[in-house]
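See structure below.
The values are calculated or read from the model by the stated rules, or taken from the named source; none is laboratory data. A quick note: this is a predicted structure, and the numbers were derived from the prediction, not measured. All Cβ positions, even for glycine, are placed from backbone atoms using ideal geometry, and neighbour counts span all protein chains on display. Note: accessible area is taken over every heavy atom of the protein model, side chains too, but ligands, DNA and RNA are not part of it. Shrake-Rupley method; radii C 1.70, N 1.55, O 1.52, S 1.80 Å.
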Amino acid sequence: MPDPQVDDHDRLYREFRWLVPARFNISTVCSTRWARDPRRIAIRVHGDDGPIDMLSYARLDADANRLANALTASGVRRGDRVALLLPQCPETAIAQMGILRMGAIAMPLSILFGADAIAYRLQDSDTRTVIVDASALGTLREARLDASAVTRVVVVGDDPVPLDGHGEARWQDLLGRASDRYRTIDTLADDPALLIYTSGTTGPPKGTLIPHRALIGNLPGFVASQDWFPRPDDVFWSPADWAWTGGLMDALLPTLYFGRPIVASRSRFSAEGAFELIERHQVSNTFLFPTALKMMMKAVPRPRERYSLRMRAIMSGGESVGDAVFDWCRDALGITVNEIFGQTEANYIMGGSSQRWPARSGAIGRPYPGHRIALLDDRGDPVPTGRIGEIAVNRYDIHGHPDPVIFLGYWNRPEATAAKYTGDWCRTGDLASIDADGYYWYGGRADDMFKAAGYRIGPSEVENCLIGHPAVVNAAVVPKPDAERGNLVKAYVVLAPGHEPGPALVAELQQHVRGRLAPYEYPKEIAFIDELPMTTTGKVQRRILRLREEEAAAGRRAPPR
């Protein structure tokens, strides 16, 4: 357990300096530099049974060279976007490395997307080349009816699905004919590397252009939140999709940067399955969304009685962990979970590091070294201690040096890029307060906050309180329009197995919140639901529930015909 007396934050933060070379390519540091050791493992492939498949760094680098040669021969050039519609698998890492060393831009897409979502991103980015898993080929073909610019499709997998002749080719055929030697393009640290579309929780997705240097910007937070990764035997795993910032920048790429193995799994997430994977691969470090931790806590309250685990660090983010999950990780797993905060445009900018500064349950932590953070009001002025403000990160650190984590801009949206800033402050759209000791406390998305009976309500606090009740697996809180109070607090609740909805449980949950939070915060209405609407990154889509309430209210107000 961490020593609660250790607090190195101020010294680490004050003494930290960025070292960003002028020329830098992610594939060189994540693949090529480790390829000289043929025994070094990059990816452990998780399957339900049988031996564990391994991909060495040497094979990763050689296949990335083959792919780069094959794509070059097919006409892909520096700056072109190449879409990756792939799950967690070795080919995803190979594709990332191959595309980036060409100076092209990798555009990861979730394997869970439907045809419309894929088509929108392909059209918006003017992408002509797609690397797709065979399981998603049918969806891609449907998307191509609207994404007419796509001319090349590389199909990954052993599925013998027939190719349709419209620019489709098999991965193994392309790589089999290509040379394993390739000279990496001399890219600048500021050159674009990734185009990641936001999850669209608050509006249409925007393409966020990420430079090569952003990986360097992520490293202080990754090292700190993983309790000073790496150690010699560290093995990393996260269920986070490698198509998203959380899976790519918080898991895959930093693990490869440090030359350690990461586990790839195509399995659908389950609590028991997660524990079995962690045990089988002797995972030491992980990134688990709060939603995943809640499921694991409810399904296996005492995991060390059932599994042989060697986990030493857990990082979590995307939503607030909450006291119940924080306490369970500490008591049941012997780990102080490190919460982090960031977003695609400026990732991994603050959080916890329990071995270097004391953890505070419910806090999202303190700024990681190299990132200058402030809380701003609507005018762009800093707010006083204890007041809610919008989290913002400056283009420059406390020493006046550029922060490498900041994105380049939104794809073909200069107005949206400009609107993201107040001066040199990049605004996140997330709210927080700061206490006298410099700890930040999450207040939710700015567009998730609402007023009820004149009081300002942050949904996260109410949701975390509800999840602390044994009957609740997950919860989402939204405003319900009300003529007298403006809004009522309404909760959508997913129940744990063995609990039945009913008036008695509603009253019990209301009293549970009323006894722990302010009287005006308890949910006046509770609706039980089988599952909450979620993004593919594991975030609750409160916007969908909020719109449901607004539409229902509009229907109630509609005059009779």
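Of Asp146, Asp37, Asp397, the order by accessible heavy-atom surface (1.4 Å probe, DNA, RNA and ligands excluded), from most exposed downward, is Asp146, Asp37, Asp397. How would segment 63-109 be classified by its alpha-carbon gyration tensor: rounded, prolate or oblate, with rounded meaning a/c under 1.5 and the a/b versus b/c comparison settling the rest? In terms of gyration-tensor shape, oblate. Inter-part distance, segment 20-80 to segment 507-557, computed on C-alpha centroids, equals 45 Å. Ranked by the mean number of other Cβ atoms within 10 Å per residue, highest first, peptides 326-334, 357-365, 128-136, 340-348 order as 340-348, 128-136, 357-365, 326-334.
The DSSP beta bridges internal to segment 1-135 are antiparallel in roughly 30% of cases. Among the chymotrypsin sites (Phe, Trp or Tyr not before Pro) in segment 173-276, those located in a DSSP loop and surrounded by at most 16 other Cβ atoms within 10 Å of their own Cβ are Trp228. With viscosity set to 1.567 mPa s at 4 °C, what whole-number translational diffusion coefficient in µm²/s follows for segment 110-193 from Stokes-Einstein and a Kirkwood radius over Cα pairs? D, rounded to a whole number, is 91 µm²/s. Pairs of Lys residues in the chain, spaced 8 or more positions apart or belonging to different chains, with C-alpha separations under 22 angstrom: 14 in total.
Here the Karplus relation 6.51 cos²θ - 1.76 cosθ + 1.60, evaluated at θ = phi - 60°, turns the backbone of segment 102-109 into coupling constants of 7, x, 7, 10, 7, 10, x, 10 Hz, with x for every Gly and Pro.
Across segment 429-445, rounded Karplus estimates of 3J(HN,Hα) from the backbone phi angles (6.51 cos²θ - 1.76 cosθ + 1.60, θ = phi - 60°) give x, 10, 9, 7, 10, 10, 8, 5, 9, x, 8, 9, 10, 5, x, x, 5 Hz, Gly and Pro being marked x. Rolling a 1.4 Å probe across the protein heavy atoms gives segment 68-155 an accessible surface of 29 Å² per residue.
Translational diffusion coefficient of segment 95-135 (Stokes-Einstein, Kirkwood radius from Cα pairs, 4 °C, 1.567 mPa s): 115 µm²/s. Distance from the alpha carbon centroid of segment 271-306 to that of segment 309-376 works out to 17 angstrom.
The mean sequence separation of alpha-carbon pairs under 8 Å and at least six residues apart, normalised by the residue count of segment 356-513, gives a relative contact order of 16 percent. Placing a label point 7 Å from the Cα of Arg23 along the Cα-to-Cβ direction, the residues of segment 203-243 with a backbone N closer than 18 Å are 212-213.
Proximity of backbone amide H atoms, modeled 1.01 Å from N, is registered between Ile131 and Ala83, Leu84, Leu85, Val154 at under 5 Å, excluding neighbours fewer than 5 places apart on the same chain. Along segment 14-30 the Karplus relation, 6.51 cos²θ - 1.76 cosθ + 1.60 evaluated at θ = phi - 60°, assigns HN-Hα couplings of 5, 8, 5, 10, 6, 10, 10, x, 5, 10, 7, 9, 4, 5, 5, 7, 9 Hz to successive residues, with x for each Gly and Pro. For Ala313, nonlocal amide neighbours, meaning residues 5 or more places apart or on other chains whose placed amide H falls under 5 Å from its own, are Thr286. For the chain, the Stokes-Einstein estimate of translational diffusion at 10 °C and a viscosity of 1.306 mPa s comes to 65 µm²/s, using the Kirkwood hydrodynamic radius over alpha-carbon pairs.
Apolar share of the accessible surface for the chain: 49 percent from carbon plus sulfur atoms, 1.4 Å probe.
Here's how it looks for Leu495: its modeled amide H is under 5 Å from those of Val473, Ile529, which are all 5 or more places away or on a different chain.
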